[in-house]
Amino acid sequence: MHDQEHIRALTRQIRYWILASTTRAGSGHASSSLSAVELTTALLFGGFFRADPHNPAHPNNDRLIFSKGHAAPLLYSLYAAAGMVSEEELLSLRTFGSRLEGHPTPVFPYAEAATGSLGQGLSIGLGMALNGKYLDNLPYRTFVLLGDSEMAEGSQWEALQLAAHYELGNLVGILDVNRLGQRGQTMYGHDMEAYRRRVSAFGWDTFLVDGHSLEDMEHAYRKALIPGRTRPAMIIARTLKGKGVSLIEDMEGWHGKPLPEDDFDRAVADLGDVDKSLVGKMAHPEDLRPAQYGPKTADAPVYSPGEKVSTREAYGSALAGMHADYPDMVVLDGEVSNSTHAASFAKSYPDRFFEMFIAEQNMAGAALGLSLRGKKPFVSSFAAFMTRAFDQIRMSRYSEPNMVFAGSHAGISIGEDGASQMGLEDLAMFRSVLDSVVFHPCDAQSTDKVVREAAELEGITYIRTLRGKTPVLYGQEESFPPGGSKVLRESGDDAYTVCAAGITVHEALAAYEELLAQGIAIRVVDCYCIKPLDRETLLRSGETGGVLTVEDHYPQGGLGEAVCSELSDSATPVHSLAVGKLPRTGKPQELMDYAGISAKAIAERIRSLLA
């Protein structure tokens, strides 16, 4: 380690900045930041952390993720000590417009990801470590600062399992066991052996240390960073919350509370001599770049009109067929790739496919980590199981990622598997994510095209696919851009417009034939993109008597509510058919009749609206 007296002086400076910034802000997590000062100062300025602070985007920088995101004042103070944040900016903590937000986001360039919802940083670190070892072939290491309270989250143990499975010796966890949570003692308090036994059982090497001893930290980092490691390492540090300030050290009732201004001088006096002019130096990384990757070409699938193909199968075929055009693609799946058809990609590109097993929260977090290292993850599972990962998905948005989620087996049309497997909430979930794009194609050709569209989009994209086979409606010349729709049936005599997506497009076409035989013409619109909607086409539906939406989804948050919102400033009446009953087991057609979203139900509703 570099001169320990210099490091020790830096810890006093960093503690001062933590106190000064949170006291000025009148809010913030001072005590949780103070406990991890030695852990992080020894790492960043002791010669272990290799990064160029003047180029935070350098691909071979080591990465540090603050999973305990409430310790943001510590993160900002570390980079103040590195000369990257001014005193003036530090004192803007938690003010509107400041880069120094209450919990870290990438607005601050040294925050690897948006954190603060606990239990997610280790999964993000897992994704970054996967990228370094298996994709970019770079020697950078990923460090994750963890809090003891968040070790109660199941997502942490999902990540622990997968890191050991993939032999990520380039991943180091730093567990700050400061004993106190928000409302009192954590589950194991200062029982360090309880943490060591559990983490070791998941295949990690563990190192117990006094988290306020620079000597202990030096020895632990040296052991954890031995070249050629294949086991991830966890440094388990016994610390005291509020360390260094007698008023709050190891005291309950100070979580998330700054020191009052009247106590600031007394607290600073506890720190001893503080030299605000000190600068901490980081070790520089080797100037290495990601390995070049040239995927082999694969033939794009060809679909013939009328051919019956499931959209989930078309999703997998599209992935395999397009990778030559998008070499940064990677695919993750939650042990259902033979059902989602992501297995088609895995067969062609096994080195770009990561099996995440039945651990959807970790899968979403790891995908974010991969995205933040420049990859384009396609993440697949059953639509129903995506709900498990919603916190990770909504938090991902704040890290400005480029990610695609694909949910298969959507709706009651899956049939006999029953309610537990039926995704009926997924559209609402993904529509609620800021700036997301949501596709629900109805045939293989449109699925192939929207997967390619998704590869070009930034942000979070969701593709909803079907279990059953549906006839191909479109030719290869058709395009399916975001915000579009397809008018499949139209005449000058249309009495009503039916807007559908996915399986209900085919039901709407069948209803069209039934009604036409009775002398009733309807317009049929395939709303293959549910967010953003094709406003122009919807407004034009005002030429007819109104709009009837039909969807294999619960009424809340789905296509119907989306159309209602889009047409809220028009005079066009909107009615909706959706799954409003408790799902049951049965054959797909039985269930669509039961839920009132079948061709029969559509025709009946149109007749009643025209009566």
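In this calculation the C-beta distance from GLU252 to ASP493 is compared with R0 = 56 Å, giving a FRET efficiency of 0.15. Projecting the Cα atoms of ALA578, VAL563, ALA595 onto the charge dipole of segment 555-597, computed from C-beta unit charges around the Cα centre, puts ALA595 farthest toward the positive end.
Mind checking Rg over Rh on segment 98-170, alpha carbons, Kirkwood formula for Rh?
1.00
Seen against the Cα atoms of the chain and their longest principal axis, helix 311-322 is set at about 60 degrees.
As a proxy for reagent exposure, ranking ILE414, ILE503 by other Cβ atoms within 10 Å from fewest up yields ILE414, ILE503. With the highest mean first, a sort of the peptides 139-146, 42-49 on other beta-carbon atoms found within 10 angstrom per residue produces 139-146, 42-49. Ranked by the mean number of other Cβ atoms within 10 Å of their residues, highest first, the peptides 314-321, 439-446, 450-457, 284-291 come out as 439-446, 314-321, 450-457, 284-291.
Taking the centroid of alpha carbons for each part, segment 350-364 and segment 544-611 are 35 Å apart. The Kirkwood radius of segment 308-471, taken over pairs of alpha-carbon atoms, gives through the Stokes-Einstein law at 10 °C and 1.306 mPa s a diffusion coefficient of 105 µm² s⁻¹. Backbone phi angles across segment 342-357, fed through the Karplus curve with coefficients 6.51, -1.76 and 1.60 (θ = phi - 60°), yield HN-Hα couplings of 5, 4, 4, 6, 4, 5, 7, 9, x, 7, 10, 10, 10, 7, 9, 6 Hz in residue order; Gly and Pro are listed as x.
Near PRO301: Cβ cut-off under 10 Å, other residues only, Lys/Arg at +1 and Asp/Glu at -1. The net charge is -3. Under 5 Å from the amide H of VAL330 lie the amide H atoms of LYS376, PHE378, each residue being 5 or more positions distant or on a separate chain, with H modelled from the backbone and absent for Pro and chain starts. Close amide H contacts of LEU488 (hydrogens built in the peptide plane, cut-off under 5 Å, sequence separation of 5 or more or a different chain): VAL524, VAL525, ASP526. Each residue of segment 27-37 was assigned a 3J(HN,Hα) from its phi angle through the Karplus expression (A = 6.51, B = -1.76, C = 1.60, θ = phi - 60°), giving 6, x, 9, 5, 5, 5, 6, 4, 5, 9, 5 Hz with x at Gly and Pro. What you get for the chain, charging only the Cβ of Lys and Arg (+1) and of Asp and Glu (-1), is a dipole of about 760 debye around the Cα centre.
Report the one residue of GLY47, GLY147, TYR195 whose Cα lies farthest in the direction of the positive end of the charge dipole of segment 4-271 (charges on C-beta: Lys and Arg +1, Asp and Glu -1; origin at the Cα centre). After comparing all options, I get TYR195. From the alpha carbon centroid of segment 258-315 to that of segment 94-122 is 11 Å. If I fit a long axis through the Cα atoms of helix 72-81 and take the longest principal axis of the Cα atoms of the chain, what angle between them do I get, 0 to 90°, rounded to 10? Result, in degrees: 50. Put in order of Cβ neighbour count within 10 Å, fewest first, the listed residues TRP17, TRP157 become TRP157, TRP17.
In sequence order, segment 480-490 has phi-based couplings of 9, x, x, x, x, 8, 10, 8, 8, 9, 7 Hz under the Karplus curve 6.51 cos²θ - 1.76 cosθ + 1.60, θ = phi - 60°, and Gly or Pro positions carry x.
Placing +1 on the Cβ of every Lys and Arg and -1 on the Cβ of every Asp and Glu, with no other charges, gives segment 308-471 a dipole of roughly 120 debye about its Cα centre. Taking the Cα atoms of the chain, the ratio Rg/Rh between the radius of gyration and the Kirkwood radius comes to 1.05. Once both labels are positioned 7 Å from their Cα atoms along Cα-to-Cβ, the gap between MET187 and GLN589 label points is 5.1 nm. With a Förster radius of 25 Å applied to the beta-carbon distance between ARG8 and PHE264, the computed FRET efficiency rounds to 0.70. Going from the residue with the fewest nearby Cβ atoms within 10 Å to the one with the most, TYR76, TYR188 rank TYR188, TYR76. Along the charge dipole of segment 488-610, Cβ charges K/R +1 and D/E -1, which of VAL505, ILE520, THR544 sits furthest on the positive end? In segment 488-610, that residue is VAL505. Given a Förster distance of 30 angstrom, what is the FRET efficiency for ALA57 paired with GLU456, based on the Cβ-Cβ distance and rounded to 0.05? According to the calculation, E is roughly 0.85. Taking the average, over residues, of other Cβ atoms within 10 Å as the packing measure, peptides 362-370, 482-490, 295-303 rank 362-370, 482-490, 295-303 from highest down. In the chain, the DSSP-assigned H stretches of four residues or longer account for a calculated mean residue ellipticity at 222 nm of -10000 deg cm²/dmol, using -39500 (n - 2.57) per stretch and the full residue count as denominator. Around the Cα centre of segment 488-610, unit charges on the Cβ atoms of Lys, Arg, Asp and Glu (plus for the first two, minus for the last two) sum to a dipole of about 320 debye.
Length available on full extension from GLU286 to SER570: 0.36 nm per residue minus the Cα-Cα distance, which gives 96.2 nm.
No value in this document is a laboratory result; all are computed from the given coordinates. As the structure is a computational prediction, the values presented were derived from the model and not from experiment. Backbone-built Cβ (ideal geometry, glycine too); neighbour counts: all protein chains shown.
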